[in-house]
Amino acid sequence: MDTRDKVIPLVQGRAPLDQLRRPIHDLRISVMDRCNFRCPYCMPRETFHEAYRFLRSSERLDFAEIHRLARVFVRAGVRKLRITGGEPLLRPGLADLIGDLTQLPDIEDIALTTNGMLLAKYATELKAAGLSRITVSLDTLDPEVFAKMSGGFGGVSDVLEGIEAARRAGLAPIKINTVVQRGVNDHTLLDLLAHFRGTGVIVRFIEYMDVGTRNHWSPALVVPSRELAARIHARWPIEPRDRGYRGEVAERHVFADGGGEIGFISSVSQPFCGDCSRARISSDGSFYTCLFATQGTDLRGPLRAGATDEELYELIRGVWSGRRDRYSELRASMRDAPELHKVEMNYIGG
Ligand SMILES: C[S@@+](CC[C@H](N)C(=O)[O-])C[C@H]1O[C@@H](n2cnc3c(N)ncnc32)[C@H](O)[C@@H]1O
Ligand code: SF4
């Protein structure tokens, strides 16, 4: 057997902690930098136009490489995987990758984030392959606002069909990610909630974040979660619930009348870096320790040059052990600093 293919046993006590004593628990894997939408807050058309150079397929990690890295990350402490992008359902054969990842020891959960356009086609296949959970991004039910927020691609009915297909396939719980932008979709959010209340689908409102450098982010476009929660409370009283686990990003609330759960992801107004245990791998195999990172660590080079699992593990351990990132908490104090060249969201995934 090639030493590179040896499954390393999990050595208790060797999982690294970073400089703020945070373990590495979640791994987000971007399987595709391309997308079939052009949400202006993520991949604005003026940058991601027809001539934009996306990765070639040979530059993307193949499934065997993703599987191997995931296995080494498990040894470093990872227990949850999330497949993302770009749009992950554009990656041919994605269900095969999910099937392979379910075979990894110690993985408790595999989730997927998608814009839902292709979900009606793939939901059953994904469930059969072992996908545990799905998050579908949907910013509004208003067709005009939807077109504005998707860059003119797709439609509300396609995404709703995808959500329905996921429900029928037994992918549960289904979560909806809704990016909130003041003056763009915030007037449509109660309608969105009215649609999903009582269905078991959990809507999570995400404050518009300053990811990447190309989305013209401005604090004026952010609706703080507290303000939004007050608006919702005035219509349907809501009550806070404890976070499900340490490091969970969403603040959970329930409708007092039993209409189910909603969440708020408040990375701008109430940053939560203190418990952040998430690592990310871009589609071409760079390892990022923060969504707002300016630089990653290349894992594809060593992988393709024949590094052993032990060598890859040491590389990952070294990077994680030196990690001090807490961008969201420092954001306000950095506002006057020179522009950072933060990595784009489609490249490392949300
Ligand atoms: C980058 S997308 C990748 C997966 C898939 N294409 C999708 O849209 O679900 C992951 C998540 O990031 C969110 N996102 C993208 N840009 C954002 C921004 N500037 N602020 C907040 N959330 C953002 C999206 O709404 C989506 O829920
Ligand atoms: S948020 Fe998702 S769907 Fe929208 S452009 Fe980014 S990757 Fe594509």
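Considering lysine pairs in the chain that are 8 or more places apart or on different chains, how many have Cα atoms under 29 Å apart?
The number of close lysine pairs in the chain is 12.
Taking the beta-carbon count within 10 Å as an exposure proxy, list 320, 236 from fewest neighbours to most.
Lowest to highest Cβ neighbour count: 236, 320.
Over all alpha-carbon pairs in the range 34-159, figure out the percentage whose distance exceeds 23 Å.
Tail fraction, whole percent: 39.
Packing-wise, with mean Cβ within 10 Å as the measure, how do 24-31, 300-307, 49-56 rank, highest first?
Output ranking for 24-31, 300-307, 49-56: 24-31, 300-307, 49-56.
Just subtract the alpha-carbon distance of residue 243 and residue 305 from 0.36 nm times their residue separation and send over the number in nm, one decimal.
Once the chain is fully extended between residue 243 and residue 305, it gains 18.1 nm.
So what's the net charge close to residue 229: Lys and Arg +1, Asp and Glu -1, counting the other residues with Cβ under 14 Å from its Cβ?
Counting the neighbours of residue 229, the net charge comes to 0.
Send over the semi-axes of the range 172-326's equivalent ellipsoid, whole angstrom and largest first, taken as the square roots of 5 times the C-alpha gyration tensor eigenvalues.
Here the semi-axes work out to 36, 18, 14 Å.
Going 7 Å from the Cα of residue 256 in the Cα-to-Cβ direction, what parts of the range 225-241 have a backbone nitrogen less than 11 Å from that spot?
The answer is 233-240, whose backbone nitrogens lie closer than 11 Å to the label point.
Using 7 Å Cα-to-Cβ label points, what is the residue 142/residue 51 separation (nm, one decimal)?
It works out to 3.5 nm between the two label points.
Tell me whether the range 109-149 comes out rounded, prolate or oblate; compute the Cα gyration tensor, take square roots of the eigenvalues as a ≥ b ≥ c, and use a/c under 1.5 as the rounded threshold.
In terms of gyration-tensor shape, prolate.
Which of rounded, prolate or oblate describes the range 257-326 when judged by the alpha-carbon gyration tensor and an a/c cut-off of 1.5?
Since a/c reaches 1.5 and a/b is larger than b/c, the shape of the range 257-326 is classed as prolate.
How do 38, 280 rank when sorted from fewest to most other Cβ atoms within 10 Å of their own Cβ?
Least crowded to most crowded, the residues run 38, 280.
Within 10 Å of each residue's Cβ, count the other Cβ atoms and sort 184, 78 from fewest upward.
The most exposed by this proxy come first: 184, 78.
Which residues does a label at residue 269 reach in the range 181-213, if reach means a backbone N under 20 Å from a point 7 Å past the Cα toward the Cβ?
181-194, 203-211
Please figure out what share of the DSSP beta bridges in the chain is antiparallel and state it in percent, rounded to the nearest 5.
Roughly 30 percent of the DSSP beta bridges within the chain come out antiparallel.
Once both labels are modelled 7 Å past Cα along the beta-carbon direction, what's the residue 314-residue 226 spacing in nm?
The answer from the label model is 4.9 nm.
What's the FRET efficiency of residue 109 with residue 160 using the Cβ-Cβ distance as r and R₀ = 30 Å, to the nearest 0.05?
Taking R0 as 30 Å, the efficiency between residue 109 and residue 160 is 0.75.
Just 40, 88, 240 to compare: in a GNM of the chain, with alpha carbon springs under 10 Å, which one fluctuates most?
The residue that fluctuates most here is 240.
What are the residues whose amide H is under 5 Å from the amide H of residue 87, where those residues sit 5 or more places off or on another chain and H is modelled from the backbone?
34, 35, 36
Averaging the inverse of every distinct alpha carbon separation and then flipping it gives the Kirkwood radius. What is it for the chain, in angstrom units?
Roughly 20.8 Å, rounded to one decimal.
Any read-out appearing in this document is the output of simple, stated calculations on the displayed coordinates, not a laboratory observation. What you see is a predicted model; the values in this text were computed from it and never measured. For neighbour counting, all protein chains shown are included, and Cβ atoms are generated from backbone atoms with ideal geometry for every residue, glycine included.
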